[in-house]
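Since the structure comes first, as structure tokens, the remarks are kept for the end.
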Amino acid sequence: DAMVIQNPRYQVTQFGKPVTLSCSQTLNHNVMYWYQQKSSQAPKLLFHYYDKDFNNEADTPDNFQSRRPNTSFCFLDIRSPGLGDAAMYLCATSPGRGRGGNEQFFGPGTRLTVL
Amino acid sequence: AQSVTQPDIHITVSEGASLELRCNYSYGATPYLFWYVQSPGQGLQLLLKYFSGDTLVQGIKGFEAEFKRSQSSFNLRKPSVHWSDAAEYFCAVVGSGGSYIPTFGRGTSLIVHP
């Protein structure tokens, strides 16, 4: 089945130790998104790629970066995690502009713990 | 800019009872509308969507939603709730003028009593 896969499902890191979360998709979608979700809150968009074009949300901290080496993969790098970065990180994909309203397909998420 | 309001933070129902979750949006035209469900520790899953046409849309798991232009609403309904429906529900809108980034509501947590 076509899907969005996130690895790892759970990640524990130490304060200030860099961490990379990965996302892959088999849907061949143009757009890939990274969201941060804290408890009992809506997902907060960090950035997204439309094909190779990177789009950063204005309030995304510089501590967060992303890479999309090809259509299928996208990575979230947190350079120096702080305690406030502990959250669920969701990857999503969508077909893109003008295509069926751009329904999003989500991965299962990576739960990040910062010690 | 578009916005979404889900006025209820928590909804509690008994198993077997009917359910309605409210969603109101603000947008200059008719947007694309979505309802997603999130079980604990999981990603979001699409329940249903409205683009155009019939204002009553059917989704998965027995859910339906009705688009009411005059009220700028897209409320989610289910005639008989099951314990497994306990989850977080998010309403989302995407502008129909070429935009593709959704705006999410803050979510409604559904609690189901046996």
>> From the list A:A58, A:A92, exactly one residue is open to solvent by 60 Å² or more (accessible area, probe 1.4 Å), within 14 Å of chain B (Cβ to nearest Cβ) and either outside any strand (DSSP E or B) or of a type in the set (A, V, I, L, M) (or both). Which is it?
In response: A:A58
> Taking the condition acidic (D, E), part of a loop (DSSP other than H, G, I, E, B) and within 30 Å of A:A87 (Cβ to Cβ), does B:D54 pass?
Replying inline: no
> Among the residues of the stretch B:67-87, which ones are under 24 Å from B:G16 (Cα atoms) and open to solvent by less than 50 Å² (accessible area, probe 1.4 Å)?
Replying inline: B:F74, B:N75, B:L76, B:K78, B:V81, B:D85, B:A86, B:A87
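Only residues that are among the charged types (D, E, K, R) and open to solvent by less than 40 Å² (accessible area, probe 1.4 Å): list them for the stretch B:2-42, please.
B:D8
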> Taking interchain pairs and intrachain pairs at least six residues apart, which have beta carbon atoms under 9 angstrom, with the first residue in the stretch B:50-66 and closer than 23 Å to B:W83 by Cα and the second in a helix (DSSP H, G or I)?
Replying inline: B:K61/B:S84; B:K61/B:D85; B:G62/B:D85; B:F63/B:D85
>> Out of everything in the stretch A:12-47 that is touching a Lys or Arg at 6+ places or on another chain (Cβ under 7 Å) and more than 11 Å from chain B (Cβ to nearest Cβ), what residue ends up being most open to solvent (accessible area, probe 1.4 Å)?
In response: A:P18
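The values are calculated or read from the model by the stated rules, or taken from the named source; none is laboratory data. Remember, predicted model here, so these are calculated numbers, not experimental data. Counting neighbours? That spans all protein chains shown, and the Cβs are built from the backbone with ideal geometry, glycine included. Areas reflect the complete protein model, heavy atoms only, side chains present, ligands, DNA and RNA absent. Shrake-Rupley method; radii C 1.70, N 1.55, O 1.52, S 1.80 Å.
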